[in-house]
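Presented below is the structure to which this report refers.
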Amino acid sequence: MILMGVFATYFMDLAAGFLIKRNVMKSFIKPEIIGRWFLYLFRGKYIHTDINKTPALNNEKFWAVVSHYLIGIVLSGIYLFMELKIPIIRDQIWMPLIFGTATVILPWFWLFPSIGIGFLASKAPNRLNIVITNLGNHINFGLGLFIWWITFHRFFI
């Protein structure tokens with residue numbers, strides 16, 4: 001679970017960097033914003049009107065990376081649990097890609113509203129870019145799960 005999650009998340013980050021450099025995708029949320037969101041969760045603040053106006057905390061970039069990889073690990077664990085319990089998932093090679101892509105619902109319906117940009121970034125001026133970039137990132141996460149599955153999965157299961 002840990003190795004799969006780290007691999008898929010790293011693959012997503014690597015692909016995002018590649019696509020951003022080629023102007024295929026746009027970077028839209030600074031890492032420190034994700035770190036701030038994560039740290040405030042532990043302080044009991046779950047909703048921000050505009051997280052950019054929420055006071056900054058120490059080590060936001062560090063916590064952005066930690067939270068990003070922890071989420072990837074947890075999502076990989078959920079996938080592996082589903083694979084063990086639901087035979088149809090286990091028997092389909094494309095399921096890691098589908099699952100990874102489906103994880104886009106988390107930022108669209110949890111992260112975005114909680115940082116103040118609304119469901120599906122409805123309050124953001126660059127909504128379409130945010131939604132497309134986010135979908136691309138989660139497709140790449142799914143691709144990372146898929147690559148892990150076809151390359152390393154047999155060694156661990």
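Rule-based calculations on the coordinates, nothing more; no lab input. A quick note: this is a predicted structure, and the numbers were derived from the prediction, not measured. In this analysis, Cβ positions are derived from the backbone assuming ideal geometry, glycine residues included, and neighbour counts consider all displayed protein chains.
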> Which links in LYS26/LYS53; LYS21/LYS61; LYS30/LYS53 stretch past 19 Å when you go from one Cα to the other?
Replying inline: LYS26/LYS53; LYS21/LYS61
>> Under a crude label model (7 Å from the Cα following the beta-carbon direction), how far is LYS123 from LEU84 in nanometres?
In response: 4.0 nm
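For every helix of n ≥ 4 consecutive DSSP H residues, a contribution of -39,500 (n - 2.57) applies; sum these over the chain, divide by its total residues, and give [θ] at 222 nm rounded to the nearest 500 deg cm²/dmol. Display every interim value, and only then the final one.
Values: 8 runs with 102 residues, N = 157.
Value at 222 nm, helices only, nearest 500: -20500 deg cm²/dmol.
For a protection proxy built on the mean count of beta-carbon atoms within 10 angstrom, sort 72-80, 141-149, 84-92, 106-114 highest first, please. The partial results should precede the final answer.
Working: 72-80: 19.8, 141-149: 23.2, 84-92: 11.0, 106-114: 17.7.
Top of the packing list down: 141-149, 72-80, 106-114, 84-92.
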> By per-residue mean of other Cβ atoms within 10 Å, what is the highest-first order of 49-56, 115-122?
Replying inline: 115-122, 49-56
> What list of ³J(HN,Hα) couplings, whole Hz, do you get for the stretch 96-102 from phi and the Karplus terms 6.51, -1.76, 1.60, once you set θ to phi - 60° and write x for glycine and proline?
Replying inline: x, 5, 5, 4, x, 5, 5
